[in-house]
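Reviewing the structure listed below.
Every number here is computed from the coordinates shown, using simple stated rules; none is lab data. Quantities reported herein were computed from a predicted structural model and do not represent experimental measurements. Note that each Cβ is placed from the backbone with ideal geometry, even for glycine, and that neighbours are counted across all protein chains shown.
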Amino acid sequence: MRKLVPEIVLRNYKKNNLNIKFKAFCLHLDISGFTHMTEQLMKKGKMGAETLSNHLNSIFEKSIDIIYENKGFISIFEGDSFTAIFEEKNCGIFNVFDAADRIKKLFDSNRKLETKFGTYKLNFTMGISYGEIELQILKSRNQNIFYFKGPSINNCVMAEKLATKNNIVFTENILQKSTNSIEINYKKIKDYYYLVKNIKIIMNSRTRNTRNDNKHLNTLMKDFYPDNILKKKLEGEFRNVSSVFITLSNSTDLNNNIKKIINLGNKYGGYFNNISFINDKAYLLIYFGTPIMKENLIKRTAEFMKAALEITKVKIGASYGKVFTGFRGSEKRADFTCLGNEINLASRLMKEANWNDIIINRNLYTSLKKTHETEMMGTKRLKGFDKAIGIYRLKEEIRNISPYMFKYDFIGRKNEIKKLNTFLKSVKNNKFGGIIYVEGTAGIGKSRLINEVKKDNQERLHWFNLCCNEIIRKSFNPFISFLANYFEQSDKSNKKENKKNFNKRINSLLQRVNNKKLANEIKRTSSFLAALLNIHKKDSLYSNSRPESRYRNILFALENLIKIESLKKPVILQIEDAQWMDQDSQKAVKHILKNTKEYSVGIICESRFNQDGSLFKFDLENIPEDELILKQFNKSNTSEIVKNIFDESINDNIIELIWEKSEGNPFYAEQISYYIKENNLLENKSSNEIGNIEIPDKINTIIISRLDKLTEKLKNIVQTASVLGREFIIDVLSEMLKDIDINKNVRKIQNRNIWQPLTEIKYIFKHALIRETAYQMQLENRLKNLHNIAAKTIEKIFSNNIETYYGDLAYHHEKAENYDKAKYYLEQAANLAKNNYQNEKALEYYDRLLKKKYFKLNSKKQIEIYIKKIEIFKSIGNLEPYDKLISKPIEIAKKINDNNNLMKLYAYKGIAFGIKGNYDKYFEYVNKQLDLAIENNNKKQIAKAYNNIALAANFQRELDKSIKYHKKAIKIMQENDFEDELYNIYFSHALTHFRMQNNKKFKYYIDKHKYFAKKDNNKWELIKTYSNLGIYYHSINNYKKSIRYFNKCKNLSEKLGSLEYIMISQNNLSEIYIELGKYDKA
């Protein structure tokens, strides 16, 4: 627990000693430069806030440690200054001057503060005095108060004001306390005040690293600070805050008046920060807007100030604006406060006030001038400000407002609804609908519009949702989410139960479908749907398929599922947030549209605009496409939103205000209206006059205001959940927050309209902007920690099927700056995507590994990843990036003498030229491969180089040369037992003999190829064998065997999803049947 109250206060409070006096040394330190630094860093957003917090605490922490090592304590923090007290019974003069000297040296060595945003100069002034100090503790109904006052404090503050930059001034009575333990060189600058020239400590009695953890005393802090401070975890952030400084004149009833004002502040939702006494005047500082953004912030500020005038004689200065708010100090002593020009301005404005006067800044004047009488007092150059400041006097309130009841209905968009219904009508009439895009900016009402249409049509339609994720765009992610719901998969169920549910749904489909072809297809491809859900069966078609076949069959499986469902009832696929859809899912959508033209299927695609402002579109051909671009609401539409929510006729001024603030965005208008309603900002139902409606300028401020209304616990849950994405699984959130009853609290948050359930165990934020705001308001260190916890939680919960979460884990570890783990998972995710033929996703992952410097890939790993990328481009026939990519890894391999990979890369480079028909260059690089292989006595690479020469010779019709080099390659492979490499060589060798019309040799080598393929159960190699045996027997007019082998090729190709060989076998069978005169079969 942070030590927000000095131990001397808690110790005396425990003994009920509420007023004590003692002799002490006093040190007042003021840091100049932090105000400028704060204003500059405010422009950098939350990273600036975090930087400020870190550097401020670094300086304060070291200074505080020095004070406490010398047996002193901090009595009060004031902006960028503090006062320290050294009780004479515990300390000597050497303690206070040792502390002063060491703090001076600390600043001398940290004159320039380096940050990621620039360099800032820091200076100090310091005053030291000795005398009597009084501690006063005030017990109060809401919050106990303490303060220190006395001559020693008054004089040290005056001494500090007399000090020039980076100097120390002390009072004359200090000289009377001088001992042999210290030597001070000084000069008199004014009566009673002396400037320190040099300090030499002869002897000291520091207490280094002392720590008194009196837990019982610490528990008493709850009597001095509210829970929202004691339990607050956030270190710092920027907020719009009202700062109110109040001066109270000395009187016999001063303490009572102080208590009344602090209780009044509590009543109006303010936070009492501190009280200081200088020359018998009390100065109070109260904030509105932090640590919690209370409703109706500025109205509360104004009402508090007016009510304070009724208590006693006061001067009040107040300002409103953006400030840094958070903790500063160290574990020995800390404080929750605000920093920034607005706090300094409030202090200066207080000094401009007369007794029983309220002086405010321009921001407050602008917000209050319609509800209060105000007076413009002109402009003035105030201390610490470069420009003249507008000064305004706040007078009497002139308006009141009262709340309405709440109701919300869908409004507007009649033409858009008509267009969507026309689209749905076609599908409901058992026709192919194609796709309609519903596009617009965030919050414009896309989902709301679609859901309104869905409500009236879903009984006659199968309505399936494909929800895309903005954070982790895993391959087929929206389809996986859809399938998980469709097949009743649950993260709470074990694998056996999920598999049972999957099989049950598949069997149900098979029983009700009358289309035999579709039934066979869904049965054939069911293992691919299961694999997307991490359900695997040994020896399934999926497990026996190659990556490219898996990918194609996944597309077929999704297509077949949609087709079957459309036979029972027309199908609508609703894509949510398509701008975040992964490439493989986009291909699946295109595939479904292309192959369901004869079915009653339609797609409604909801998307934001692309980052460049263009419309999101799938690259489609010969597919019906239409679009709905949602525009901002006009004032009439906005008026309907407001009236529906409040269920009352509302003053036009309020509607005008909401329309202007929302800029016609219906979500913004809705949220602003909710904000007004929930915070009781409307009063006086009869007049409906506009009152003090303090609506933040940006929608995220409105959302923050709503989030701040949650308890610290609930807010922490929301912010933690935001790290997991718009959709999140309760079990993961629960594990991340072990000490909290998640299920109970998640429902509480649901009741606050923050999120809603998707399933029993999965929730979704009600709007992406709510999640984004909750995420972005957190500081980087906190997010880093939460991503780390998220990663560890996923590793723990999903340890049995961790491969499903490789992409998630890579994302979270990268955000947590666990770069070694992020690198590992990113590579695993890339390899998994490559193996499943999700090529674009694999390339994206590999590119991240190569481009992010913090992964620090060694040269060998870089080459390895480049080779994997080359293999992908080679497999998909994308020659341009394939060709460009090879030079870089060749350069790296040469540099580190990685000859093994260099041989492979020379071969790939040669193939790139060979594909383009440049055989001179092809042989140049294959010979480089061969020379390097011979030099390193690498038998396998020698054989591969010979095979590459043979292949090129074959293409150039130098068949004898091809045979010669194939024999060389085969001999090396056989002698060195490289059986796994013989497949392709036997096959290529057989084809060369076939071209030479040497049927005997062809049959010999193709049979060898078939033998090894059957031995290893390599079905892909068997397809090639069957196809070429069919061609061979056709060439010698053995039609019977030719037909048999082409049918074998066709059947196996259909099982594996090889479109290429399905077409080859069908074309050849057709040709044979034509030759045989069997035209029906042809």
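Annotations for the structure displayed:
- Free-standing Cys, the chain [no other Cys Cβ under 4.7 Å]: Cys91, Cys338, Cys467, Cys468, Cys605, Cys1049
- Straight-distance crosslink candidates among aspartates and glutamates, where the alpha carbon sits under 13 Å from Lys631 and sequence neighbours closer than 8 are dropped: Glu416, Glu439, Glu663
- Rg over Rh for the stretch 829-871 works out to 0.96, using Cα positions for both radii and the Kirkwood form for Rh.
- Flagged links, alpha-carbon separation over 27 Å, of Lys419/Lys597; Lys165/Lys313; Lys538/Lys568; Lys495/Lys594; Lys617/Lys1055: Lys165/Lys313; Lys538/Lys568; Lys495/Lys594; Lys617/Lys1055
- Net length gained if the chain between Lys738 and Ser1035 were fully extended (0.36 nm per residue, minus Cα distance): 99.6 nm
- Using alpha carbons only: equivalent-ellipsoid semi-axes of the stretch 1015-1077, gyration tensor based, whole Å: 20, 13, 7
- For the peptides 881-890, 172-181, residues were scored by their other Cβ atoms within 10 Å and the scores averaged per peptide; the highest-first order is 881-890, 172-181.
- Percent antiparallel among DSSP beta bridges (both partners in the chain, rounded to 5): 75
- Cβ-defined net charge surrounding Ile764, 10 Å radius [Lys, Arg +1; Asp, Glu -1]: +2
- The slack between Thr711 and Asp280, meaning 0.36 nm per residue of separation minus the straight C-alpha distance, is 151.3 nm.
- Cα gyration tensor shape of the stretch 7-199, rounded if a/c is under 1.5, else prolate or oblate by comparing a/b with b/c: oblate
- Distribution of pairwise C-alpha distances over the stretch 707-808, 5 Å bins, in %: 2, 13, 25, 27, 21, 10, 3, 1
- Where labels lie 7 Å past Cα in the beta-carbon direction, separation of Lys852 and Ser540 in nm: 3.1
- 18 Å Cα-Cα reach of Lys516 towards aspartates and glutamates, excluding residues that sit fewer than 8 places from it in its own chain: Glu559, Glu565, Glu598, Glu1054
- Alpha-carbon Debye profile of the stretch 430-629, log10 I(q)/I(0) at 0.14 Å⁻¹: -0.84
- Of Lys821/Lys856; Lys916/Lys964; Lys105/Lys187; Lys232/Lys267, pairs whose Cα-Cα distance is over 23 Å: Lys916/Lys964
- Per-peptide average of other Cβ atoms within 10 Å, ordering 615-627, 724-736 highest first: 724-736, 615-627
- What the phi angles of the stretch 273-289 give under the Karplus curve with 6.51, -1.76 and 1.60, with θ = phi - 60°, is a coupling list of 8, 6, 9, 10, 10, 9, 6, 6, 9, 9, 10, 10, 10, 10, 10, 10, x Hz, glycine and proline written as x.
- P(r) of the stretch 295-439 over all Cα-Cα pairs, binned every 5 Å from zero, in whole percent: 2, 7, 13, 14, 11, 9, 6, 5, 5, 5, 6, 6, 5, 4, 2, 1, 0
- Burial order of peptide ranges 996-1008, 860-872 (average beta-carbon count within 10 Å, highest first): 860-872, 996-1008
- For Ile444, neighbours were defined as the other residues whose beta-carbon sits under 15 Å from its Cβ, and their charges (Lys and Arg +1, Asp and Glu -1) total -4.
- Linear extension gain, Phe385 paired with Gln974, 0.36 nm per residue minus alpha-carbon span: 203.3 nm
- Here each label is just a point 7 Å from Cα along the line to Cβ, and for Arg995 and Arg752 those points are 7.4 nm apart.
- Rounded to the nearest 0.05, the FRET efficiency derived from the C-beta distance between Glu663 and Lys455 at R0 = 30 Å is 0.60.
- Viscosity 0.890 mPa s, 25 °C: Kirkwood-radius Stokes-Einstein D of the stretch 252-309 over Cα pairs, µm²/s: 206
- Residues Ala307 and Glu375, FRET efficiency given R0 of 30 Å [Cβ-Cβ distance, rounded to 0.05]: 0.90
- Inter-label distance, nm, simple model (7 Å from Cα along the C-beta direction), Glu627/Glu352: 5.3
- To the nearest ten degrees, helix 1019-1035 and the longest principal axis of the Cα atoms of the chain are 30 degrees apart.
- Sites listed here are GluC sites (Glu not before Pro) in the stretch 917-1012 whose DSSP assignment is loop and whose Cβ has at most 16 other Cβ atoms within 10 Å: Glu958.
- Computed FRET value (nearest 0.05) for Lys523 with Asn1047, which takes r as the C-beta separation and R₀ as 25 Å: 0.75
- Placing a label point 7 Å from the Cα of Ile934 along the Cα-to-Cβ direction, the residues of the stretch 943-973 whose backbone N falls under 16 Å of that point are 943-950, 965-966, 968-969, 972.
- Summed residue charge, Cβ within 11 Å of Met376's Cβ, Lys/Arg positive, Asp/Glu negative: +2
- The stretch 933-953 and the stretch 867-886 have Cα centres spaced 21 Å apart.
- When you filter the trypsin sites (Lys or Arg not before Pro) in the stretch 487-557 for DSSP loop state and at most 10 other Cβ atoms inside 10 Å of their Cβ, you are left with Lys538.
- Note: the chain, Cα convex hull, 220 Å³ per residue.
- Restraint check, Lys446/Lys748; Lys21/Lys259; Lys139/Lys369, Cα-Cα greater than 32 Å: Lys139/Lys369
- Helix content alone sets the calculated 222 nm mean residue ellipticity of the chain: runs of n ≥ 4 DSSP H residues at -39500 (n - 2.57) each, divided across all residues, give -16500 deg cm²/dmol.
- Temperature 4 °C, viscosity 1.567 mPa s: under these conditions the Stokes-Einstein estimate for the stretch 422-473, based on its Kirkwood radius over C-alpha pairs, is 100 µm² per second.
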